[in-house]
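In what follows, a structure is listed as structure tokens, so that the remarks can point back to it.
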Amino acid sequence: MLLPKLKTPHDNCASYSSTEFSWQDPLLLESALTEEEILIQNSTRDFCNERLMPRILQTNRNETYDRDVMPEMGAIGVLGATIKGYGCPGVSSAAYGLIAREVERVDSAYRSMLSVQSSLVMFPIYAFGAEDLKQKFLPKLATGSLVGCFGLTEPDAGSDPAGMRTTATYQSADDTYRLNGTKTWITNSPVADVFVVWAKCEDGHIRGFVIEKGTPGLSAPKIEGKFSLR
């Protein structure tokens with residue numbers, strides 16, 4: 001008796017059988033990208049291979065930070081990439097994800113620097129800051145001439161805002177706020193020029209404050225002896 005031929009899942013993939021495997025795009029996602037997004041991905045990949053890859057060994061071994069990395073990233077337009085105006089290119093979120101992936105592929109510490117500068121410093125200022133703050137900080141953060149950090153995590157509360165102990169007390173005499181507290185594990189902080197610091201106000205609401213390097217009472221010491229992210 002002749003049995004009918006069984007259909008296998010591979011029969012439906014015949015059209016893909018001749019596709020050459022690419023380690024850079026194993027899931028064939030590039031077919032869903034625009035030409036601009038592919039161009040951004042490729043140019044970022046070239047930058048990472050040429051400018052970041054040669055630095056990794058010594059920076060990790062010696063726990064050093066190369067200040068030139070930020071201006072070099074700014075020169076190719078990857079800082080604050082999704083922001084429109086203020087010296088930023090205003091690319092798609094997908095393009096920004098591709099930028100971050102290419103930097104992460106080379107080194108997670110470099111990607112953390114990029115993400116903090118772009119997503120945790122520049123974007124909050126862009127989305128919620130007054131116009132004078134945007135004009136003052138965003139163009140220089142976009143070029144990398146200024147470095148920013150995001151102060152949320154605390155020694156006792158971690159990254160849980162509900163347990164935050166840093167306070168912000170309004171000073172009516174000079175229309176300012178006095179911040180009192182401690183943050184820890186703040187990426188970019190030892191070299192930062194701009195600090196976005198989160199604190200609990202007297203009404204119980206948590207608000208962000210933009211603080212400049214050199215402000216009296218502000219210190220950002222380097223934590224040494226770390227594993228992985230240096």
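None of the figures in this text is laboratory data; all of them are computed from the coordinates on show. Keep in mind that what you see is a predicted model, and the values were worked out from it rather than measured. Quick reminder, even Gly has a Cβ in these numbers, built from the backbone with ideal geometry, and neighbours come from all protein chains shown.
How would the range 101-183 be classified by its alpha-carbon gyration tensor: rounded, prolate or oblate, with rounded meaning a/c under 1.5 and the a/b versus b/c comparison settling the rest?
It comes out oblate by the Cα gyration axes.
Using packing as a proxy for protection, rank 103-116, 56-69 so that the peptide with the highest average count of other Cβ atoms within 10 Å comes first.
The peptides rank, most packed first, as 103-116, 56-69.
Holding the Cα-Cα limit at 27 Å, pick out from Lys140/Lys183; Lys140/Lys222; Lys134/Lys200; Lys136/Lys226 the pairs that are longer than that.
Lys136/Lys226
Take every Cα pair under 8 Å in the chain that's 6+ residues apart, average their separations, divide by the length, and report that relative contact order as a whole percent.
RCO, the chain: 15 percent.
Taking neighbour Cβ counts within 10 Å as the exposure measure, how do Trp185, Trp23, Trp198 sort from fewest upward?
Trp23, Trp185, Trp198
Nearest 10 degrees, 0 to 90: what angle lies between the long axis of helix 93-106 and the longest principal axis of the chain (Cα atoms)?
That works out to roughly 90 degrees.
Below 14 angstrom from the Cβ of Tyr96, what's the summed charge of the other residues (Lys, Arg +1; Asp, Glu -1)?
Once all neighbours under 14 Å are counted, the net charge is -1.
May I ask for the net charge around Glu72, where only other residues with Cβ less than 12 Å from the Cβ of Glu72 are counted and Lys, Arg are +1 while Asp, Glu are -1?
Its environment carries a net charge of 0.
Count the DSSP beta bridges whose two residues both fall in the chain, then state the antiparallel fraction as a percent rounded to the nearest 5.
Numbers: 15 of 21 bridges.
Taking every DSSP beta bridge with both residues in the chain, the antiparallel ones total about 70 percent.
At 20 °C and a viscosity of 1.002 mPa s, what translational diffusion coefficient does Stokes-Einstein give for the range 150-212, taking Rh as the Kirkwood radius over Cα pairs? Give it in µm²/s as a whole number.
177 µm²/s
Please order Lys213, Lys183, Lys200, Lys84 by the number of other Cβ within 10 Å, starting at the fewest.
Lys84, Lys213, Lys200, Lys183
Taking H placed 1.01 Å from N in the peptide plane, check which residues at least 5 places from Gly151 or on another chain put their amide H under 5 Å from its amide H.
HN-HN under 5 Å from Gly151: Val196, Val197, Trp198.
Can you tell me which of 156-162, 42-48 comes out highest on packing, and rank the rest after it, using the mean Cβ neighbours within 10 Å?
42-48, 156-162
Pick from Pro54, Pro139, Pro124: which residue has the top mean-square fluctuation in a GNM of the chain where Cα pairs under 10 Å get a spring?
Pro54
With the chain treated as a Gaussian network of Cα nodes joined by springs under 10 Å, which of Gly144, Gly80, Gly217 yields the largest mean-square fluctuation?
Gly217
What angle do you read, to the nearest 10 degrees and between 0 and 90, between the alpha-carbon axis of helix 131-143 and the longest principal axis of the chain?
Compared with the principal axis, the helix lies near 50 degrees.
Which value does Rg/Rh take for the chain over its C-alpha atoms, Rh per Kirkwood?
Working: Rg = 22.6 Å, Rh = 20.2 Å.
Across the chain, the Cα-based Rg/Rh ratio is 1.12.
What net charge do the residues around Leu29 carry, taking every other residue with its C-beta under 13 Å from that of Leu29, with Lys and Arg at +1 and Asp and Glu at -1?
Within the 13 Å Cβ shell, the charges total -2.
If we sort 170-179, 146-155 on the protection proxy, mean other Cβ atoms within 10 Å, highest first, what's the order?
146-155, 170-179
Between Ala127 and Glu36, what FRET efficiency comes out of the Förster formula 1/(1 + (r/R0)^6) with R0 = 30 Å and r the beta carbon distance, rounded to 0.05?
Details: r = 23 Å, r/R0 = 0.78.
Working from the Cβ atoms, E equals 0.80.
Need the full-extension length gain, Thr182 to Asp156, defined as separation in residues times 0.36 nm minus the C-alpha distance. One decimal, nm. Walk me through the intermediate numbers first.
On the way: separation 26, 0.36 × 26 = 9.36 nm, distance 0.93 nm.
So the chain would gain 8.4 nm between Thr182 and Asp156.
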